[in-house]
Amino acid sequence: MPLGTFKRTGKIIAALTCVVVAVIVMMTGLSACVPSYPKETLAEAVKEVCKAEYDMDVEVTLVGSTIGIYYPMNGLLDAGLGISESAWDTISNLLLIASRVVLSTDADIKFYCVITQDEKLPELQVVIIKYVEDVKKGMYQHISRGESFKRTLFSINLTPQARKERSVEQVFDRLNLDDGTRRNVLDEFFRSAPTKLSDIGYWKGHFYLKDINMEEFLAAQIENRLKLDFRGDKKLMELFEYRSSESEFEKEDDARYFYVKFKIADVKEEAGEGVREMNVLKVQEILKVANEVVCGYRFKDFDYLIMDDQLENSRLKVKGVDVYDFDQSKAAVVDIVNAPGGYF
């Protein structure tokens, strides 16, 4: 989907979830003593609301403190394989109901995930993940609409489980296995709960959802914001070509750290000092994004930020405290980043 379309639709989502939800939640009595949607019947309640208000037959599941809502639709994609305008209306309605429900239940829901696919092409999915506390902050205007948009994880991707099973099915075909054996092998070895956010999805009647934790949610935000900045900021686009980035939260021995891999090339290939100056600017932007995320959530429970510049084959390391204080301290990148000789 073109970046302009992505930004435009993202702002629509942010506005809907921050403004319209606020009105409806207040009307339905957010502070009432009796929850509108008791935890014992939460999944069924979501189904009933979707059916009664929008005639949508949804599937709902709860995994720990995460609720997932799935809805297949006709016309999700337009001729250019972007999301159609009618589909955006439907997605907005799903987000609206999800927000209303999680703010009016006594269940301990921290994250909600909306998944939709085109009935004609279920191999392609849209996944939207929101943090319940962000919805509340947006409702009371403690964060801006733009910030609310950045805090929403949005992705269009190939359904992970479909991709996995398609590859295995090719092997089954070569071995000429019967349907029963295929099903048993898939259930035993290839149909398991996801371990990463990128594995979340829905396939052939089954949710592939995990209990989302704050660390991986923040890591995904770093990745998402890097993409938005390097592909959306005019100045950065004049200097760099963003190719890819991945971000995860890792635990190793006694260390806890954000691990960011990136491929961000200079638009103009220069030698010597020019390359080092561009590396400083590039890393400075990554640090700015990481600082925005951890400070925005007041998250200090990490020891390092590790960055792998895959185009330069260089690994960089920054102390967690330096990442958290980066905006306030105004520290120079070269003073706080441990980098290989010649990188800066």
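Miscellaneous remarks
- Averaging the Cα positions of each part gives two centres, and for the range 190-265 and the range 107-141 these lie 16 Å apart.
- Of Lys150/Lys330; Lys234/Lys319; Lys51/Lys288; Lys150/Lys319; Lys120/Lys251, pairs whose Cα-Cα distance is over 32 Å: Lys51/Lys288; Lys120/Lys251
- Restricting the range 106-161 to GluC sites (Glu not before Pro) that sit in a DSSP loop and have at most 16 other Cβ atoms within 10 Å of their own Cβ leaves Glu119.
- Nearest-0.05 FRET efficiency for Ser144 and Ser65, computed from C-beta distance (R0 35 Å): 0.85
- Cα gyration tensor category, rounded, prolate or oblate, for the range 243-307 with a/c compared to 1.5: prolate
- Cβ-derived FRET efficiency at R0 30 Å, Val171 paired with Leu124, nearest 0.05: 0.85
- Contact order normalised by residue count of the range 32-77, Cα under 8 Å, 6+ apart, percent: 23 percent
- Subtracting the Cα-Cα distance of Arg243 and Arg276 from 0.36 nm times their residue separation leaves 9.9 nm of extension gain.
- Most mobile listed residue (Phe217, Phe172, Phe326) in the chain, GNM with C-alpha springs under 10 Å: Phe172
- Distances between every pair of Cα atoms in the range 197-344, grouped in 10 Å steps from 0 to the bin holding the largest one, split as 10, 40, 34, 12, 3, 0 percent.
- 10 Å-binned pair-distance histogram of the chain (Cα, whole percent): 5, 22, 30, 24, 14, 4, 0
- Counted residue by residue at 0.36 nm each, then reduced by the alpha carbon distance between them, the extension gain from Lys261 to Asn93 reaches 57.0 nm.
- Entries in Lys235/Lys300; Lys130/Lys196; Lys210/Lys282; Lys196/Lys261; Lys137/Lys204 that, when Cα-Cα distance is taken, lie over 27 Å: Lys235/Lys300; Lys210/Lys282; Lys137/Lys204
- Computed label-point distance, nm, for sites Asn313 and Asp327 using a 7 Å Cα→Cβ extension: 3.7 nm
- Most mobile listed residue (Ile156, Ile222, Ile67) in the chain, GNM with C-alpha springs under 10 Å: Ile156
- Each Cα pair under 8 Å and six or more residues apart adds its sequence gap; the mean of these over the residue count of the chain is a relative contact order of 12 percent.
- Label-to-label distance, nm, for residues given as Ala193 and Asp178 (7 Å Cα→Cβ offset): 3.3 nm
- GluC sites (Glu not before Pro) restricted to DSSP loop in the range 197-293 with at most 13 other C-beta within 10 Å: Glu269, Glu270
- Comparing mean-square fluctuations of Leu175, Leu316, Leu76 from a GNM of the chain with C-alpha springs under 10 Å, the top value falls on Leu175.
- Rel. contact order, % - alpha carbon contacts under 8 angstrom, at least six apart, the range 251-344: 35 percent
Values quoted throughout were computed directly from the atomic coordinates according to the rules given, and no laboratory measurement underlies them. What you are looking at is a predicted structure, and each value in this text was computed from that prediction instead of being measured. Cβ coordinates were reconstructed from backbone atoms using ideal geometry, including for glycine residues, and neighbour counts include every protein chain displayed.
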